[in-house]
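Single-structure report; data block below.
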Amino acid sequence: MERVSLEKDPSIEACVLAGGLSTRMGQDKSALRLRGRSLLAWAKTPAMALGLRPRVIRIDLVDRCGPIGGVYTALRTTSCSWVLFLSCDMPFLGIRIVEQLMSASRRRECAFFEMNSYVGFPFVLSRGMLEVTDAMIAAGRYSMQELAVRSGALKFQVPEGDHWRMSNINTPEMLEWAKLRSVENSDLLGA
């Protein structure tokens, strides 16, 4: 696959959502360390490799909406036409997965990865989806699955061999798993 370079494309920005309560972890996930770097630093890696300078969303404009609150905040405050959304707790995501999403996302206003019939991070939304997220928040609907349906998103299946790359580090047990996995596969972090 040809390397996607977005360095000179002012119409897209990357946003890393890092404003969650981290209730299952018991502490701020974005600051946790894995092989000497924070989870937040690992989450930024794919965007930076594609020439984007990631913006971190820590405080949502509307509280207690889950990831939809961060999505709404990013879309409301961006000056770009498109936003690549990344999660601060996905250190294994890798550049190849993000490249695939970015190269195809311009065909629709939204593109998500799907795994086991669920959509999640990473995903790309056009700024035009602000109205959809606004309506969802007003109705008390905070589901990412619903966002994908309402937006008519293009969905990509995560290849079975890459399922582990989509892991969210949400608990102390998952952090321990990630530490073991990173030692076993040190060359795969952010690759």
Checklist line | Output for region 131-154, where each listed residue is at pLDDT 90 or above, under 26 Å from Phe92 (Cα atoms) and either more than 17 Å from the chain's Cα centre (by Cα) or not in a helix (DSSP H, G or I) (or both) | finding: Tyr142, Ser143
Margin query: Residue under question is Ser22, and the condition is that it be at pLDDT below 90 and touching a Leu at 6+ places or on another chain (Cβ under 7 Å); does it hold?
Written below: no
Notebook entry, point to check: Among (1) at pLDDT below 90; (2) farther than 29 Å from Arg35 by Cβ, which single condition is Met115 missing?
Noted result: (2)
Margin query: Can you go through Val83, Val119 and tell me which one is without any contact (Cβ under 8 Å) to a residue 40 or more places away in the chain, crowded, with 19+ Cβ neighbours inside 10 Å and more than 23 Å from Arg181 (Cβ to Cβ)?
Written below: Val119
Notebook entry, point to check: Within region 112-129, which residues are part of a helix (DSSP H, G or I) and in contact with a strand residue (DSSP E or B) (Cβ under 9 Å, 6 or more places away or on another chain)?
Noted result: Arg127, Met129
Next item on the list: Quick one: count up the residues across region 50-80 that are in a helix (DSSP H, G or I) and under 15 Å from the mean Cα position of the chain (by Cα).
Entry: 9
Next item on the list: Find the residue count for region 81-104, including only residues that are of a type in the set (Phe, Trp, Tyr) and in a strand (DSSP E or B).
Entry: 2
Note to self: Can you find a residue that is modelled with pLDDT under 90, closer than 17 Å to Ser11 by Cα, out of contact with any Leu (no Cβ under 6 Å at 6 or more places or on another chain) and crowded, with 18+ Cβ neighbours inside 10 Å anywhere in region 50-65?
What the structure shows: no
Check: Just one of Lys44, Lys29 is crowded, with 18+ Cβ neighbours inside 10 Å, closer than 27 Å to Glu160 by Cα, at pLDDT below 90 and under 17 Å from the mean Cα position of the chain (by Cα); which is it?
Finding: Lys29
Next item on the list: Tell me, please, whether a residue that is surrounded by 20 or more Cβ atoms within 10 Å (Cβ to Cβ), within 15 Å of Ala74 (Cβ to Cβ), at pLDDT 90 or above and out of contact with any Gly (no Cβ under 9 Å at 6 or more places or on another chain) can be found in region 87-98.
Entry: no
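The values are calculated or read from the model by the stated rules, or taken from the named source; none is laboratory data. Here the structure is a predicted model, which means the values were calculated and not measured. When we count neighbours, we look across all protein chains shown, and the Cβ atoms used for this are built from the backbone with ideal geometry, even at glycine.
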